[in-house]
Amino acid sequence: MKTNNRTFTLFAPPALWMALIAIATFIAYFPALNGTFTNWDDMVYVGGNPYIKSLSAKNLVAMFSENYMGNYHPLAMLSLAIDYQINKFDPVVFHLTNILIHIINSMLVLLVLKRLTGKLQLAVIAALLFGVHALHVESVAWISERKDVLYTCFYLLSLYSYVRYVPGRDKMWFGLSLLFFLLSCLSKGQAVTLAVTLFLVDVFMGRKWTELKILVEKVPFLILALIFGIVAFRAQAGADATIMANFPIQQRVAFASYGLVMYILKLFYPFTLSVYYPYPILGNVGEVPFIYWLCILPALAFVVALILSWKRSKPLFFGLGFFLLNIVLLLQLLPVGRAIMADRYAYIPSIGYFFLVGYYLTDRKYIKSEKATWGIVAVYALILIFLTFQQSKVWRNSDTLWSDCIEKNARVPVAWYNRGNTRMDSANYKGAIADYTECVNLDATFWRAYINRGHARSMEKDYLGSIADFDATLRFDSTVVNAYINRAVSRKMLQDYDNSLKDYNIAIRLKPEQLELYTSRASLKSDMKDYDGALSDLNLALKIDPKYTSAYTNRAAVKKTMKDLAGALADYNTAIELDPKNSEFYNNRGNLKFQLDDSQGAIDDYTTSIRISPKDFLGYKNRGAVRFSRKLYTEALADLTEAIGLSPKSGDLYYTRSLVKKAMNDLAGAKADYTKAAELDPNYAAEGFMKNIGISAGEMPGLQPAQMNKQAMLMESSGRVQDAIVLYKKALGVKPDFPEAWYNLGNAYGKTRQFGEAMNCLNNAIRYKSDYVQALSSRGIAYASMGKTDLAISDLSAAIKGDPTYAIAYFNRALVYLNSGKRDLACSDLQKAVKMGYNAAYPIYKKECQGK
């Protein structure tokens with residue numbers, strides 16, 4: 001019983017404190033559970049990591065035999081793989097694991113310091129502060145830093161085992177210490193500092209560390225440290241991760257001093273924490289800002305204090321030494337990377353600081369009252385919990401992370417670049433363009449920002465701008481295949497087929513194994529009507545990979561265009577054999593079979609498509625249309641009704657169903673469906689469609705003017721301009737304040753060279769709708785046709801002012817400028833029109849402006 005009581009007395013208080021520390025730490029980091037994966041390595045370590053998808057023997061061997069992302073950390077990879085097995089790409093699982101390991105680390109800090117000093121209060125204070133400190137948010141809330149919390153866990157277990165070993169020299173504890181050190185090194189190479197830290201522990205525990213037997217017992221640790229140090233260096237060198245900043249030695253000392261001072265200050269109070277701390281901007285002749293030189297003084301004071309404490313104060317020597325030994329290699333004396341410091345680097349070193357805080361707060365020479373000690377700890381801890389809680393929110397997603405970085409330091413190119421990538425992913429292309437522009441303004445050599453901005457510009461239909469960005473990328477590196485591919489796409493959109501083809505040719509020469517290049521070039525050749533060339537490219541793709549289904553389906557489309565329906569069918573058959581679960585393939589083959597008069601075969605394919613993708617309306621739509629053609633009206637009606645349920649905004653589906661209902665003599669239902677079709681798609685308001693249903697415009701009075709306007713537009717587009725004029729007038733007779741009809745009538749008069757009538761109509765359109773930019777633009781062209789250049793430019797400028805994004809107005813004004821000999825102004829407008837996606841302007845721009 002005495003033994004049990006003694007055991008309870010020894011361990012109950014630490015256990016209670018551990019529970020309280022765990023709760024406080026979990027509360028502080030709770031917002032991290034709401035975080036997603038960020039684009040700061042997470043999508044590479046997790047999303048694109050091929051080794052974590054399964055715990056197969058092959059993947060396990062790869063983890064322990066290969067480097068990944070410039071690091072050798074197989075145990076960190078293994079832990080990520082285990083998380084993935086739990087719930088795939090659920091970020092909550094990954095974040096929760098990080099938090100739990102961090103909580104365990106906090107408990108281990110308590111156990112190590114309690115065992116080392118024999119002082120529970122000191123250990124509790126240090127462990128609590130370690131657990132809730134905001135400087136650790138990067139290590140805990142960043143999924144990719146699993147290696148940080150994991151290597152620390154094994155580091156502390158090794159340290160604890162060593163402290164247990166020292167008094168009685170129990171070989172079991174020594175063996176455990178060495179084993180945990182090995183596991184720590186397998187989690188992150190930074191663990192090698194433990195081998196030297198053990199000497200510090202010896203000094204604190206009163207051992208003569210210079211004795212031969214004590215030195216000998218460190219040999220296994222030093223050998224492991226050397227091995228893993230070499231492995232880490234080679235891993236980074238092999239991945240080109242060791243980007244050495246080119247600074248003279250005196251500047252490196254200033255930067256290292258700055259880093260040391262900032263870590264200490266941020267440990268005391270975690271201010272202005274950021275995911276990225278860049279090197280300072282040097283002056284015109286490379287001057288380092290004075291604050292960096294000034295930091296050398298407190299850094300020297302730190303070293304002096306460490307030296308003086310050697311004989312005077314073991315606790316002070318241990319705390320300062322622990323901090324310095326574990327951070328010295330990360331102070332950028334040998335600058336690696338583009339950041340001067342990182343919060344995560346202070347994760348283990350901070351234990352030295354927390355040890356000193358605990359030591360001085362519990363030493364009654366400095367704080368007389370125990371209540372005062374715990375009052376200070378409580379206030380400090382609450383402040384840290386609040387700051388950690390807030391900082392954890394920063395890591396919620398990529399946008400919050402990089403916006404926070406930009407807010408704290410707007411001169412970080414990578415921050416703008418990564419936020420630009422985030423905006424690209426959310427289809428905010430204008431925002432992405434703005435961010436990439438800031439990035440290249442800060443660092444004109446950041447070529448990845450050019451290629452990504454080029455892609456964003458192409459999504460905004462600014463093909464000229466995108467081509468300029470791809471050109472810039474290739475000036476930095478002429479082997480970037482994606483730059484050629486994207487430039488080819490932009491040139492294709494501008495119908496600059498010859499130059500687009502040249503880009504695809506270069507891309508294929510650089511990367512002949514990339515199958516998508518052949519299908520893309522084949523698509524371009526099809527647009528150029530070079531069908532034989534397209535077939536040749538697709539055949540080349542299939543020669544590389546006979547199971548490449550995209551090549552078969554693309555080749556089927558080309559053969560279909562060439563009227564080789566049997567050949568197209570054969571290719572679809574092969575594609576389906578290779579991928580029998582692709583509903584799109586069955587839909588396309590069904591369409592082809594229908595063309596080949598195999599209606600039942602088409603229905604069978606559509607049925608299979610529906611079975612594979614029951615939520616895709618297309619299978620029902622196609623099967624309904626074929627059944628309608630076969631007069632299977634009841635079945636067709638059921639299919640089209642199902643399709644409408646899945647796609648209720650499709651006017652085409654309502655129109656087709658109206659035809660089915662008419663065939664079934666449900667005229668009321670047919671008219672109702674036709675009315676809905678015309679509401680959803682005004683094209684169906686045309687006279688021909690109404691005749692198909694058997695109704696007249698008079699039966700739809702609410703839509704009559706709009707219907708007549710739409711029908712007239714269809715007549716005009718088919719060349720029946722005079723008939724269109726008659727119908728536009730009829731619409732205006734019913735609704736004289738109909739600006740769109742006046743505008744369309746004016747354009748029709750312009751086509752018949754009745755410029756006076758056209759002008760009257762456009763004036764009316766503008767009278768009824770003063771900000772009608774299309775009418776202003778057309779009236780401007782009418783003025784130009786009448787030789788009234790000044791009035792033409794005035795109207796076109798008014799249209800542009802009304803809508804600065806109206807590309808046609810720029811194009812029309814450019815034509816007026818060209819005719820009046822103002823080439824520079826014309827080229828400026830043509831360039832804007834092309835940038836806004838008005839591709840018809842490009843041939844004139846290319847002829848009149850490029851190279852001028």
Simple Cβ-charge dipole of the chain, Lys/Arg +1 and Asp/Glu -1, about Cα centre, in debye nearest 20 | 1740 debye
Dipole size in debye (nearest 20) for region 384-437 around its Cα centre, Lys and Arg Cβ +1, Asp and Glu Cβ -1?
-> 60 debye
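Is there a pair in LYS88/LYS393; LYS560/LYS649; LYS119/LYS368 whose C-alpha atoms are over 20 Å apart, and which pairs would that be?
LYS88/LYS393; LYS560/LYS649
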Could you give the distance between the Cα centres of region 820-852 and region 331-351, to the whole Å?
-> 52 Å
To the nearest 10 degrees, the tilt of helix 739-751 (Cα long axis) against the first principal axis of the alpha carbons of the chain is 60 degrees
Volume per residue, Å³, of the convex hull around the alpha-carbon atoms of region 69-116?
-> 99 Å³
In straight Cα distance, which lysines are under 28 Å from LYS730, not counting same-chain residues fewer than 8 positions off?
-> LYS671, LYS676, LYS691, LYS710, LYS751, LYS769
Karplus 3J(HN,Hα) series, Hz, for region 379-393 with 6.51 cos²θ - 1.76 cosθ + 1.60 (x for Gly, Pro) = 5, 4, 5, 5, 4, 5, 4, 4, 5, 5, 4, 5, 5, 4, 5
Residue-averaged 222 nm ellipticity for the chain, from DSSP H runs of 4+ at -39500 (n - 2.57), nearest 500 = -23500 deg cm²/dmol
Inter-centroid distance (Cα atoms) of region 368-447 relative to region 530-544, Å | 49 Å
In degrees between 0 and 90, to the nearest 10, how far off the longest principal axis of the chain does helix 515-527 point, with axes built from Cα atoms?
-> 20 degrees
Largest first and to the nearest Å, give the Cα extent of the chain along each principal axis.
-> 108, 65, 56
Please report the relative contact order for region 89-177, taking Cα pairs under 8 Å with a sequence separation of at least 6, and give it as a percent rounded to a whole number.
-> 32 percent
Projecting the Cα atoms of LEU215, PHE180, GLN774 onto the charge dipole of the chain, where Lys and Arg contribute +1 and Asp and Glu -1 at Cβ, the residue farthest towards the positive end is LEU215
A student applying the Cα gyration tensor rule (rounded when a/c is under 1.5; otherwise prolate if a/b is larger than b/c, oblate if not) would label region 337-385 prolate
With the dipole of the chain worked out from charges on the C-beta (+1 for Lys and Arg, -1 for Asp and Glu) around the Cα centre, which of LEU78, LEU637, ALA342 lies farthest toward the positive end?
-> ALA342
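Please work out the average accessible area per residue across the chain, using the 1.4 Å probe convention, and give it in Å².
46 Å²
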If one takes the longest principal axis of the Cα atoms in the chain, at what angle in degrees, from 0 to 90 and to the nearest 10, does the Cα axis of helix 755-768 lie?
-> 50 degrees
Work out the length of the dipole vector of region 413-487 about its Cα centre, built from +1 on the beta-carbon of each Lys and Arg and -1 on the beta-carbon of each Asp and Glu, and round it to the nearest 20 debye.
-> 120 debye
Region 725-836, relative contact order in percent, only Cα pairs under 8 angstrom and at least six apart counted = 16 percent
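Between their Cα atoms, which of LYS502/LYS801; LYS543/LYS563; LYS661/LYS735; LYS461/LYS847 are more than 28 Å away from each other? If you can, show how the numbers build up before the last one.
Values: LYS502/LYS801 39 Å; LYS543/LYS563 24 Å; LYS661/LYS735 32 Å; LYS461/LYS847 20 Å.
With Cα atoms farther than 28 Å apart: LYS502/LYS801; LYS661/LYS735.
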Top to bottom by accessible area (1.4 Å), largest first, where do ASP532, ASP343 land?
-> ASP532, ASP343
Of all accessible surface on the chain at a 1.4 Å probe, what whole percent is carbon and sulfur?
-> 59 percent
Isolated Cys residues of the chain, judged by Cβ distance under 4.7 Å to other cysteines = CYS153, CYS185, CYS295, CYS405, CYS439, CYS761
For region 720-739 and region 289-329, distance of Cα centres in Å = 88 Å
How would you order 184-194, 470-480, 830-840 from highest to lowest mean count of nearby Cβ atoms within 10 Å?
-> 184-194, 830-840, 470-480
Per-residue ³J(HN,Hα) for region 293-304, Karplus 6.51 cos²θ - 1.76 cosθ + 1.60, θ = phi - 60°, Hz, x for Gly and Pro = 5, 5, 5, 4, 5, x, 5, 5, 4, 4, 5, 4
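The values are calculated or read from the model by the stated rules, or taken from the named source; none is laboratory data. In this text, all values refer to a predicted model and were calculated from it rather than measured experimentally. Neighbour counts are summed over all protein chains in view; Cβ atoms, including those assigned to glycine, are modelled from backbone coordinates with ideal geometry. Side chains included, ligands, DNA and RNA excluded: accessible areas come from the protein's heavy atoms. Shrake-Rupley method; radii C 1.70, N 1.55, O 1.52, S 1.80 Å.
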